[in-house]
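Engineer: I'd like to ask some things about the structure below.
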Ligand SMILES: [Zn+2]
């Protein structure tokens, strides 16, 4: 099973739409609960932008 294939389902991220093409982005884990997180393309793009800003902030952090 490919984890990079779109399936129709519910977006777990910002838009919370259902019946849209979503991609598995990773497991959610808390205590005994493990669930697959799915996200649509729009929300994935938001997440990519956020991840990029995170990386940039890490790069700009003073060296310890
Ligand atoms: Zn979405």
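The values are calculated or read from the model by the stated rules, or taken from the named source; none is laboratory data. Just so we're clear, the structure is a prediction, and the values are computed from it rather than from any experiment. We place every Cβ from the backbone using ideal geometry, glycine too, and count neighbours over all the protein chains shown.
Engineer: Going residue by residue through region 24-31, is there one that turns out to be outside any helix (DSSP H, G or I), touching a helix residue (DSSP H, G or I) at 6+ places or on another chain (Cβ under 9 Å) and within 15 Å of the ligand (Cβ to nearest atom)?
Structural biologist: yes
Engineer: Follow-up. Can you tell me how many residues within region 7-60 are surrounded by 13 or more Cβ atoms within 10 Å (Cβ to Cβ) and more than 13 Å from the chain's Cα centre (by Cα)?
Structural biologist: Qualifying residue count for the region: 4.
Engineer: Given the conditions (1) away from the ligand (no atom under 16 Å from the Cβ); (2) modelled with pLDDT of 95 or more, report the number of the one that residue 12 does not fulfil.
Structural biologist: (1)
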